[in-house]
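Below is one structure; the comments refer to it alone.
Read the figures in this text as sums done on the coordinates, not as results from a lab. Only a predicted model underlies this, so the values are computations on that prediction, with no experimental measurement involved. Cβ placement follows ideal geometry from the backbone for every residue including glycine, while neighbour counts extend to all protein chains displayed.
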Amino acid sequence: MSMRIELSSLNVYYGSFLAVEDINMVIEPNSITAFIGPSGCGKSTLIRTLNRMHEVIPGAYVKGNLTMNGEDIYSPSVDPVKVRRQVGMVFQRPNPFPTMTIKENVLSGYRLNNNKMSKSDADALAEKALKGANLWNEVKDRLDRPGSSLSGGQQQRLCIARAIAVEPEVILMDEPTSALDPISTAAIEDLAIELKEKFTVVIVTHNMQQASRISDMTAFFTIADTGLPGKLIEYDRTDNIFSNPKEKQTEDYVSGRFG
Amino acid sequence: MSSQAPVVKRRIGDLVFSNLAIGSGVAILVILAAVAIFLFAESVPAFLSEQDAAPDGFFAYVAPFLFGTVLASIIALLIATPLAIGIALYISHFAPRRLSQALGYSIDLLAAIPSVVYGLWGMLVLAPFLNPSYLWLNENFGWIPFFEGPVSATGRTMMTVGIVLAIMILPIMAALIREIFLQTPRLHEEAALALGATRWEVIKMAVLPFGKAGIISSAMLGLGRALGETMAVALVLSGSGVITFALLTSTNPNTIAANIALQFPESSGTYTSLLIATGLVLFAITMAINMLARWVISRRSEFSGAN
Ligand SMILES: Nc1ncnc2c1ncn2[C@@H]1O[C@H](COP(=O)(O)OP(=O)(O)OP(=O)(O)O)[C@@H](O)[C@H]1O
Ligand SMILES: [Mg+2]
């Protein structure tokens with residue numbers, strides 16, 4: 001299953017500072033949506049509202065509406081823990097748990113929900129998730145080694161395996177390849193394209209080629225000046241954004257003429 | 001043409017620093033060796049003329065004190081470790097910012113109280129205060145050997161010593177563990193949160209495993225302090241040379257350190273040597289425990305998160 005996400009009049013705050021203003025957009029299921037824009041425009045801030053990770057920062061909150069398959073995920077009756085179990089996240093820097101083995105890392109999210117799992121079920125799930133993250137062949141002989149013994153690119157795929165092992169419906173990735181070499185980057189891009197068969201994928205990237213290679217939709221954000229809120233300038237099909245943008249600011253940014 | 005060896009430029013700062021580092025390292029070894037040699041040399045007479053000082057032999061003499069030392073320290077550690085972890089967790093992850101700062105300061109303050117004050121307090125306040133609960137424990141759980149009667153009338157028992165020692169080592173342990181918990185990488189806590197972990201699960205997945213080596217180290221530090229504690233034990237306990245697991249009675253084994261402190265002023269000749277030999281035993285035990293702790297920590301260092 002995969003989810004349709006709808007943001008309407010969404011304002012995102014850090015205390016009294018309005019970081020992202022008045023976002024309206026619909027993210028379709030089984031698609032890849034790329035967030036692009038200059039540093040500080042609020043891409044990370046916005047993506048973290050999609051799994052309610054924004055509010056773990058002291059003083060941070062959200063106003064407006066955010067629904068997934070029609071359900072308001074910010075309604076007071078919704079437990080943020082439940083939301084995060086449905087919306088997986090991959091961070092900019094690979095962050096496998098250093099105290100766990102590769103296998104334990106993959107199963108760590110699943111074990112939160114179901115403690116009782118037979119060894120064969122656990123093995124099967126770990127294999128499935130690692131295969132889903134295109135990592136199985138590289139690690140199948142060393143599942144009991146620490147997660148931190150892998151290369152950066154492998155660690156990032158391990159984090160993806162960990163995220164998909166719980167079978168979420170949405171996967172968020174915040175610059176997942178910015179710390180990786182081109183080959184690992186290509187591996188993760190291929191993976192993202194496979195993942196959209198099953199999940200709704202949202203990815204933040206500074207890499208224009210990456211956005212145009214893998215995403216179906218692209219959202220361009222910018223910020224007028226420091227201290228002012230970030231805004232959504234244009235949101236359209238990726239080929240339109242890159243070849244035929246409606247806004248001058250978008251055109252300047254994607255063609256590298258951003259001042 | 002000749003190939004030249006690279007010219008190593010010796011910077012004065014590097015030189016000073018490296019000598020300083022080597023010097024400090026050597027100084028530690030020298031001090032350690034000096035103490036060990038002193039203990040050995042001074043305790044030799046006790047073994048050469050055993051009859052005078054310890055009629056039943058050295059080990060019969062030291063065994064009850066060794067037992068008392070270890071028992072008191074284990075009680076202290078069993079009480080202090082979970083409490084210290086709880087306090088540290090509360091300060092680092094649950095308390096509101098203001099409160100956590102205030103608590104942090106008061107813990108540092110507690111750590112600064114001298115042990116003789118803890119001893120006086122334990123003897124004059126805590127012992128009489130705890131005695132009714134000892135009676136209750138004995139009435140209801142007397143069948144457990146630890147709570148055997150007859151219960152002491154004053155409350156100055158092994159249990160009280162353990163509790164006083166626990167209170168004494170609690171602040172330093174809590175302060176150290178808090179520092180470690182505060183250093184948990186935000187990245188790992190967020191990884192757990194993003195997987196849908198509750199606050200408690202974040203602590204289980206990211207904070208405690210990351211802090212494990214540090215928790216063991218601070219427990220060992222606390223244990224070291226408890227093993228060597230003299231004044232607090234000497235003030236609370238009127239111990240003797242018995243071995244018993246009963247924690248609530250008035251016959252209690254003394255600890256090595258307290259026994260030395262009590263006996264030394266009136267000792268002479270081979271008896272002095274005997275006491276020093278018990279000090280050597282304490283030294284050996286403390287060192288063994290520290291080595292054990294190192295081994296425990298290094299065993300899974302691959303998984304420590306240090307890399
Ligand atoms: N924890 C925080 N507390 C207060 N303000 C924050 C916090 N994190 C980010 N901000 C502010 O919110 C704004 C948006 O930051 P954000 O990290 O979302 O930008 P970004 O688009 O992800 O940038 P980058 O491309 O550099 O990652 C910035 O002005 C930033 O200073
Ligand atoms: Mg960012």
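Laid out as a table, the results:
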read-out: Per-residue average of Cβ from other chains inside 10 Å of A:90-98; value: 5
read-out: Structure-based [θ]222 nm, chain A - -39500 (n - 2.57) summed over DSSP H runs of at least 4, per residue, nearest 500; value: -10000 deg cm²/dmol
read-out: Nonlocal amide H pairs with B:SER240, under 5 Å, H built at 1.01 Å; value: B:ASN252, B:ASN254
read-out: Rounded, prolate or oblate (a/c below 1.5 giving rounded, otherwise prolate when a/b exceeds b/c) for the protein assembly as shown by Cα gyration tensor; value: prolate
read-out: Violating pairs (Cα-Cα greater than 27 angstrom) within the set A:LYS43/A:LYS116; A:LYS128/B:LYS212; A:LYS82/A:LYS196; A:LYS43/A:LYS82; A:LYS128/A:LYS196; value: A:LYS43/A:LYS116; A:LYS128/B:LYS212
read-out: Neighbourhood net charge (11 Å Cβ-Cβ; Lys/Arg +1, Asp/Glu -1) for A:PHE199; value: -2
read-out: Between helix A:152-165 and chain A: long-axis angle, C-alpha atoms, 0 to 90°, nearest 10; value: 80
read-out: Counted charge near B:PRO171, where neighbours are those whose Cβ lies closer than 15 Å (Asp, Glu -1; Lys, Arg +1); value: -1
read-out: Table column - 3J(HN,Hα) (Hz), region B:216-223, Karplus curve with 6.51, -1.76, 1.60, x for Gly and Pro; value: 4, 4, 6, 5, 5, 4, x, 4
read-out: Mean separation of Cα contacts under 8 Å, 6 or more apart, over the residue count of chain A: relative contact order %; value: 27
read-out: Cα coordinate range in region B:14-298, projected on the principal axes (Å, largest first); value: 70, 66, 29
